[in-house]
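Since the structure comes first, as structure tokens, the remarks are kept for the end.
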Amino acid sequence: MSTDAPPSPAPVREGPAQRLRAAVLGASARLTGLAVAAALGIGAVVLALSAEETREALDDGLGPALVAGASAVGRAYSALLQGSVGSLGALSETLVAATVLILTGLAVAVPLRAGLFNIGGEGQVIAGGLVGGAVGFAVTGLPLPVHLPLAIVAAGLGGAAVGWLPGFLKARTGAHEVISTIMLNNTLTFVLIWILTLPLVQVEGRSDPISRQVLDSARLPRLLEGLRVDAGIILAVLVAVWVLWFLDRSTTGLELSAVGANPAAATAAGMDPARTTVTAMTVAGALAGLAGGALIVGLQGRITPGFSAGLGFDGITVALLGRGTVVGTVLSGLLLGALKAGGRAMQARSGTALDLVVVIQALIIVFIAAPGVVRALFRVRADVGEGARISQGWGS
């Protein structure tokens, strides 16, 4: 009997495509990190110059002014950190803010893969919250394991319908998705106000447009007693996992990437760019609709005018900061969620204006869109992938 051990399998070698993909992802991650660092640095300068103690210390000379400015920045950024991750309650608020940001960010990231720019997240969030909330308070007699999934699915379908329309118009008439989606934002905003005045929706005895309360059987359960974080964050993570599979492992996801990279080559390969456009926008609408549904059946519990609060537009920031990737979008959603939660604490504890957080977000996007500026600031050379386009331009 032979005692020779079976031959060990040959090691799997990394091919050129895998190495290129890793290099692109690494370069994008470095660029994003440097952009965040640059934004925080400039934000610190703005904060120091705007602090009253800095201006008062200028009478004593530059040195005392620098010390006072550094003290103001340290106090504000310490409050920002403590308010975002400094306690269990702070983490809860970060996750609450990140839940909707992750979903709206994915609603932008999916069309980006197909070379489309979804500016209609706001209208899709409104549609999802409206339909999901209506199912939450109008359908009665169902247990939570049935009622809650029904409300969530309805929210996704409501957003999908609003996302489908600009995709259909783009595929059939060539109408640019930026124009149609941003116009739908305005349309849905006023449709929401009108629907909230209908007797079947409006709270009885109220003159202001506000809906009835979502039933407990359709509410997302809280994860921890006494904290606001609910099961919406679990929903967001599960949806992100599905989107990752959808984009990287499914045939439809491959078609989205192919059409986004080169529509002519995709058509020659037998793919249908028109169908792909409709699919991408419909999926995007469903994702944003889920965000609206999670907001209404979770934290808010009823539909009010302006409940979306610009979250659809925040999704653009999240997706661009994540470089259009699923993992990057989730991480940037957590980062911006931390900025939102910490910004409120920073305002309360240090007296710093909450607008500084908006300034930092805007600077991040500026640096993401201008990698040459980041390289010049940090004196780093251009690597493969740093100048890669996230999506096609206006004329696509």
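The values are calculated or read from the model by the stated rules, or taken from the named source; none is laboratory data. What you are looking at is a predicted structure, and each value in this text was computed from that prediction instead of being measured. Glycine also receives a Cβ, built like all others from the backbone with ideal geometry; neighbour counts cover every protein chain displayed.
Things worth noting here:
- Positions within the stretch 299-314 being more than 13 Å from Ile365 (Cα to Cα) and either assigned to a helix (DSSP H, G or I) or among the charged types (D, E, K, R) (or both), in sequence order: Leu299, Gln300, Arg302, Leu311, Gly312
- Scanning the stretch 315-327 for residues that are modelled with pLDDT under 90 and either part of a helix (DSSP H, G or I) or touching a Cys at 6+ places or on another chain (Cβ under 8 Å) (or both) turns up Thr317, Leu320, Leu321.
- Here the condition is being modelled with pLDDT of 90 or more, more than 18 Å from Val36 (Cα to Cα) and of a type outside the set (S, T, N, Q); of Ala345, Ala309, Ala294, it holds for Ala294 alone.
Results for (1) crowded, with 24+ Cβ neighbours inside 10 Å; (2) over 27 Å from Leu254 (Cα atoms); (3) among the small types (Gly, Ala, Ser); (4) in contact (Cβ under 8 Å) with a residue 60 or more places away in the chain, shown as yes or no for each residue.
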position	(1), (2), (3), (4)
Leu103	yes, no, no, yes
Val110	yes, no, no, yes
Ala114	yes, no, yes, yes
Asn118	yes, no, no, yes
Gln124	yes, no, no, yes
Ala127	yes, yes, yes, yes
Val131	yes, yes, no, yes
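- For the stretch 348-396, filtered to residues that are among the charged types (D, E, K, R) and modelled with pLDDT under 75, the residue that is nearest to Ala171 (Cα to Cα) is Arg389.
- Of residues in the stretch 146-175 being buried (at least 18 other Cβ atoms within 10 Å of the Cβ) and β-branched (Val, Ile, Thr), the one farthest from Ile303 (Cα to Cα): Val162
- Scanning the stretch 110-133 for residues that are touching a strand residue (DSSP E or B) at 6+ places or on another chain (Cβ under 8 Å) and under 26 Å from Ala341 (Cβ atoms) turns up at least one hit.
To keep it simple, each residue is scored yes or no on (1) assigned to a helix (DSSP H, G or I); (2) modelled with pLDDT of 95 or more.
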{"residue": "Ser78", "(1), (2)": "yes, no"}
{"residue": "Gln82", "(1), (2)": "yes, no"}
{"residue": "Gly89", "(1), (2)": "yes, no"}
{"residue": "Ser92", "(1), (2)": "yes, no"}
{"residue": "Ala107", "(1), (2)": "yes, yes"}
{"residue": "Phe117", "(1), (2)": "no, no"}
{"residue": "Gln124", "(1), (2)": "yes, yes"}
{"residue": "Gly128", "(1), (2)": "yes, yes"}
{"residue": "Val135", "(1), (2)": "yes, yes"}
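- Identity of the residue in the stretch 202-245, touching a Gly at 6+ places or on another chain (Cβ under 7 Å) and surrounded by fewer than 17 Cβ atoms within 10 Å (Cβ to Cβ), that ends up nearest to Ile296 (Cα to Cα): Gln213
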